[in-house]
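Worksheet: one structure, shown below.
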Amino acid sequence: MNAPMSGRVAIAGVAESDLGITGRTPMALQAQAVTRALAEAGLSLSDVDGYCTSDLAGEYAPSVRMAEYLGIRPTYHDTSALGGASFLSQTAHAAQAIRDGRAEVVVVGYARAPRSWNPPVPAAPLYGPGQYERMWGAPFPVTAYALAARRYLHDHGAAPEQLAAVAVAARRWAGLNPAAYRRDPITVDDVLGSRMIADPLHALDCCLVTDGGGAIVLVGEDRARDLPQRPVFILGHGDASTHMNVSSMPDLTRTAAAASGERALREAGVAVGDIDVFQIYDSFTVTVLLTMESLGLCGPGEAGPLVAAGHTAPGGDLPMNTNGGGLSYCHPGEYGIFTIIEAVRQLRGACGDRQVPGAELALAHGTGGELSATSTLILGSNR
Amino acid sequence: MTRVYPSAYEDADSQPFWAALGEGRLDMPRCDDCGRHLFYPRAVCTACGSERLTWVTARGRATVHSFTTIHQRDGGSYVIALVDLAEGPRMITEIIGENAGEVAIGAEVVLDVTGDPPRPFFRLAGPAQGRDA
Ligand SMILES: [Zn+2]
């Protein structure tokens, strides 16, 4: 096996599985996404020599299990687990493996089916560090995000309307995406009028719960040039974590994005102001505001007014979550892989009504746990 | 709506914490070498790496860092807060008392170990202190 001459690695295929309420298993959805991504890349299962996933129905050795389900025998595996940020990290690792000549065709896959596949799990007692948070019986992760949101509003004298504006912008993008689960327009009043879950977060401040899977296919640049899709290159990457349980979060309004974003941008040799389109994990509305500020898109307290003024919505100068995001498009549990898929489609110019004109540089960003761990990727089509 | 407080598997890290609650105290490890209090309980000091830790009792005073009111489907609600203990560490707790809904960031709260099995609830300090949940 020879390392690609250019040293650059491209995403040659991306796909979703069936989405929504599918009646399918997580295994079936992940297999769907993988075979669809390979098909659009002009490759087949027999070409795959690397497999990465963070999860398969909650069982250990998920990449081994999924490889068996697919009938493949990978010689490169990665199960790096950063919650919803896992896939961005695995994509960067896979790129390095291809650069090193350790693999030629690597697939990153993921699926869950929370609407269709819920085998009974016996209730286990609390154990480990999480017990000191879970002992109150409050719902997680929403309680953690609500605590951060309350602190954010307090520190900046901001109103819940600023959180709601994130959901409104997501829904406007979803209206342009035929694959989105919820597409009817909503207003700030709709968000504020939806059921309160954990003050200040309402039902419409929270991501969807839908079935879905995604997959991406990575190859060296030389091979990508011979494949049908316009290659999208991995230009920079950073991972970071600040805590796992929210009571250990050093600053409730600043996420690990400050570190992962800075590393990714530095590696790519670009500034955040150079980015044409952003795909930022929106588990909750507050996640987007904290991430925007932590990535340096704006200063502390400035993200809410920016979103409320429409900058991240269709037609804005900071187009963000153009598929409708976890808030309106799809959210099976660890959404991060969909940030990569949408970034790639934008950079190919393949997004139809929601296409950001001339997008050449994208930032995809995952957040896992309770604002705990982040992974940032810089992707480009023309560099 | 009935609240469900999950039970814990008590292990070598957590048993002294739960045992102290059974006697009405909130205990946590303190580092013999640098004096740092640790919560949640751990086997090594996060400030200096020392394994020489001694369990001590918290004074039971704290300041609210953030809070959220959890709304249940049947219309019930309760208040969960992040509080900064006087000893330094931050923890998650439930604020109880008739005036729990008046909680605010920066409010002073006092420990109330109650329930079965006992848990480290807090109440707002001040005039309403001591009323029933
Ligand atoms: Zn120490």
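The values are calculated or read from the model by the stated rules, or taken from the named source; none is laboratory data. This structure is a prediction, so every number in the text was calculated from the model and none was measured. Note that each Cβ is placed from the backbone with ideal geometry, even for glycine, and that neighbours are counted across all protein chains shown. Side chains are part of the model used for accessible areas, which takes the heavy atoms of the whole protein and leaves out ligands, DNA and RNA. Shrake-Rupley method; radii C 1.70, N 1.55, O 1.52, S 1.80 Å.
Couple of notes before you dig in:
- For region A:150-183, residues that are within 14 Å of another protein chain (Cβ to nearest Cβ), out of contact with any strand residue (DSSP E or B) (no Cβ under 6 Å at 6 or more places or on another chain) and part of a helix (DSSP H, G or I) total 7.
- Every test in (1) exposed (fewer than 14 other Cβ atoms within 10 Å of the Cβ); (2) in contact (Cβ under 8 Å) with a residue 40 or more places away in the chain; (3) outside the structural domain of B:Ile96 (by TED's automatic domain parsing) is passed by B:Thr2 save one, and that test is (2).
- When region A:130-148 is filtered for residues that are among the small types (Gly, Ala, Ser) and within 8 Å of another protein chain (Cβ to nearest Cβ), the ones remaining, listed by number, are A:Gly137, A:Ala138, A:Ala146, A:Ala148.
- Elements of type strands (runs of 3 or more DSSP E) in region B:23-133, at least 2 residues being of a type outside the set (Lys, Arg), without any contact (Cβ under 8 Å) to a residue 40 or more places away in the chain and within 16 Å of the ligand (Cβ to nearest atom): B:27-31, B:53-57
- Scanning region B:108-128 for residues that are over 19 Å from A:Ala138 (Cβ atoms) and either outside the structural domain of B:Met91 (by TED's automatic domain parsing) or open to solvent by 20 Å² or more (accessible area, probe 1.4 Å) (or both) gives B:Glu108, B:Ala125, B:Gly126, B:Pro127.
- Flag if B:Arg61 is modelled with pLDDT of 95 or more and exposed (fewer than 15 other Cβ atoms within 10 Å of the Cβ): no
- Single match in B:Ile70, B:Ile96, B:Ile92 (criterion: in contact with a strand residue (DSSP E or B) (Cβ under 8 Å, 6 or more places away or on another chain) and either open to solvent by 30 Å² or more (accessible area, probe 1.4 Å) or more than 10 Å from chain A (Cβ to nearest Cβ) (or both)): B:Ile96
- All of A:Gly84, A:Gly71, A:Gly101 fail the test of being small (Gly, Ala, Ser), over 23 Å from A:Gln32 (Cβ atoms) and out of contact with any Cys (no Cβ under 7 Å at 6 or more places or on another chain), apart from A:Gly101.
Here is a yes/no grid of residues against (1) under 20 Å from A:Leu163 (Cβ atoms); (2) in a loop (DSSP other than H, G, I, E, B):
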| position | (1), (2) |
| --- | --- |
| A:Arg254 | yes, yes |
| A:Arg263 | no, no |
| A:Arg266 | no, no |
| A:Val286 | yes, no |
| A:Glu293 | yes, no |
| A:Leu297 | yes, yes |
| A:Gly310 | yes, yes |
| A:Gly333 | no, yes |
| A:Ala343 | no, no |
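- Residue that is hydrophobic (A, V, I, L, M, F, W, C), in a loop (DSSP other than H, G, I, E, B) and open to solvent by less than 50 Å² (accessible area, probe 1.4 Å), where the choices are A:Ile197, A:Ile186: A:Ile186
- When region B:1-50 is limited to residues that are of a type in the set (Lys, Arg) and within 13 Å of chain A (Cβ to nearest Cβ), the one that is nearest to B:Arg119 (Cα to Cα) turns out to be B:Arg3.
- Test: residue in region A:118-129 that is away from chain B (no Cβ under 14 Å) and crowded, with 24+ Cβ neighbours inside 10 Å: no
- Annotation note: Cβ proximity below 6 Å between a residue of region A:220-239 that is free of Cβ contacts under 8 Å to residues at least 60 places away in the same chain and open to solvent by 20 Å² or more (accessible area, probe 1.4 Å) and a residue that is among the basic types (Lys, Arg) and assigned to a helix (DSSP H, G or I) (sequence gap 6+ or interchain) occurs for no pair.
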